[in-house]
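Comments concern the structure below.
The values are calculated or read from the model by the stated rules, or taken from the named source; none is laboratory data. Predicted, not measured: the structure shown is a model, and the values here were computed from it. Cβ sites come from the backbone with ideal geometry, for glycine too, and all protein chains shown count toward neighbours. Side chains included, ligands, DNA and RNA excluded: accessible areas come from the protein's heavy atoms. Shrake-Rupley method; radii C 1.70, N 1.55, O 1.52, S 1.80 Å.
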Amino acid sequence: MISINLQQIKKQIEDTAIKVNRSTDEIKLVAVSKRFPVEKINEAYAAGQTIFGENYIQEMQMKKDLAPPSAIFHFIGHLQSNKAKIAAATCDMIETVDRLKLAKALNNHLQILDKTMDVLIQVNIGNDANKAGVKGSETRDLLIRLNDLPKIRVCGLMTMPPLVENPELSRPHFKNLRILAEKLQKEGLFPAVEKPELSMGMSGDFDIAIEEGATIVRVGTAIFGTRSPVNV
Ligand SMILES: *Cc1c(COP(=O)(O)O)cnc(C)c1O
């Protein structure tokens, strides 16, 4: 089942990329395995999936210990500064850095580990009161400050637009995130990367996100099915 779902999603990613003249190589699929047992990660891994997304740090830590060593874990949940130590040790990428305090805490722990961390800045591009993330208008300032932290490598931006019924309504938010990233890139504010990553799009709207420039899509339900309401 998981392997068939993965095949279908990859095909959809490919078809969408072709439609808008983009290369499939520049689009990464993060399989959001939150609240699914590690067996599901193993099943997806066996089907060729290498990047997984988790939103609870302890759950990620537990699964990383049990999953194949070369599985890559992106943290996509809200991260408290007091969990920075575990996050620094466990994550391969943190997509949800949205404040300086958290970034400094991560940087301190990374310094001790002598390790560099790839991060994305989570932007609340739709100004949604229910969503985490730095405001679009404050992203530049945060980015400049993060660029001063030697162990933090800012690779791009991430967003989760307001929940809507019609995925077309997310398009303007995806577009705004791309425009913001392009503007910051022109200013030379992403020195660590050639082109900033744009992590946007989930099961219901990843094709629209790709049309608007997504380089990372985070897909859970469409791969693993409906999640249980509680953590594993
Ligand atoms: C759960 C989650 C996803 C995946 O959502 P689906 O609708 O199941 O694809 C993507 N991004 C974030 C930040 C999430 O928390």
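Tabulated values for the structure
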{"item": "Furthest towards positive pole of dipole, Leu146, Gly204, Ile2, structure part the chain, Cβ charges", "result": "Leu146"}
{"item": "For the stretch 1-49: accessible area per residue (Å², 1.4 Å)", "result": "55 Å²"}
{"item": "Candidate aspartates and glutamates for bridging to Lys195, where Cα separation is under 18 Å - those fewer than 8 sequence places away on the same chain excluded", "result": "Asp25, Glu26, Glu95, Asp118, Glu182, Glu187, Glu211, Glu212"}
{"item": "Packing-based ranking, highest mean first, of 184-191, 39-46, 154-161 given that Cβ atoms within 10 Å are counted", "result": "154-161, 39-46, 184-191"}
{"item": "FRET efficiency, 1/(1 + (r/R0)^6) with R0 25 Å, evaluated for Met62 and Asn166 via beta carbons", "result": "0.10"}
{"item": "FRET E, pair Thr24, Ile112, Förster distance 30 Å, beta-carbon r, rounded to 0.05", "result": "0.20"}
{"item": "Within the accessible area of the chain (1.4 Å probe), percent carbon and sulfur", "result": "51 percent"}
{"item": "Net charge contributed by nearby residues that have their C-beta within less than 15 Å of Leu169 (K/R +1, D/E -1)", "result": "-4"}
{"item": "Neighbour net charge for Glu182 - beta-carbon separation under 11 angstrom, K R +1, D E -1", "result": "+4"}
{"item": "With DNA, RNA and ligands ignored, accessible area of Phe73 (1.4 Å probe; Å², nearest 10)", "result": "0 Å²"}
{"item": "CD proxy at 222 nm, helix term only [per DSSP H run n ≥ 4: -39500 (n - 2.57); per residue of the chain; nearest 500]", "result": "-11500 deg cm²/dmol"}
{"item": "Using θ = phi - 60° and Karplus 6.51 cos²θ - 1.76 cosθ + 1.60, couplings along the stretch 57-65 (whole Hz; Gly, Pro as x)", "result": "5, 5, 4, 4, 4, 4, 6, 4, 5"}
{"item": "Estimated FRET transfer efficiency when R0 is 35 angstrom, pair His78-Asp15 (beta carbons, to 0.05)", "result": "0.60"}
{"item": "Cβ-defined net charge surrounding Arg227, 11 Å radius [Lys, Arg +1; Asp, Glu -1]", "result": "+3"}
{"item": "Separation in nanometres of the label points that stand 7 Å from Cα toward Cβ, at Ala89 and Lys135", "result": "3.8 nm"}
{"item": "For the chain: rounded, prolate or oblate by the Cα gyration tensor [a/c cutoff 1.5]", "result": "oblate"}
{"item": "Contact order relative to length of the stretch 1-69, as percent, for alpha carbon pairs under 8 angstrom and 6 or more apart", "result": "33 percent"}
{"item": "Cα centroid of the stretch 7-22 to Cα centroid of the stretch 186-204, whole Å", "result": "19 Å"}
{"item": "For the stretch 59-214, size of Cβ-based charge dipole, Lys and Arg +1, Asp and Glu -1, in debye", "result": "640 debye"}
{"item": "Value of relative contact order over the stretch 81-146, rounded to a whole percent, pairs C-alpha under 8 Å and six or more apart", "result": "33 percent"}
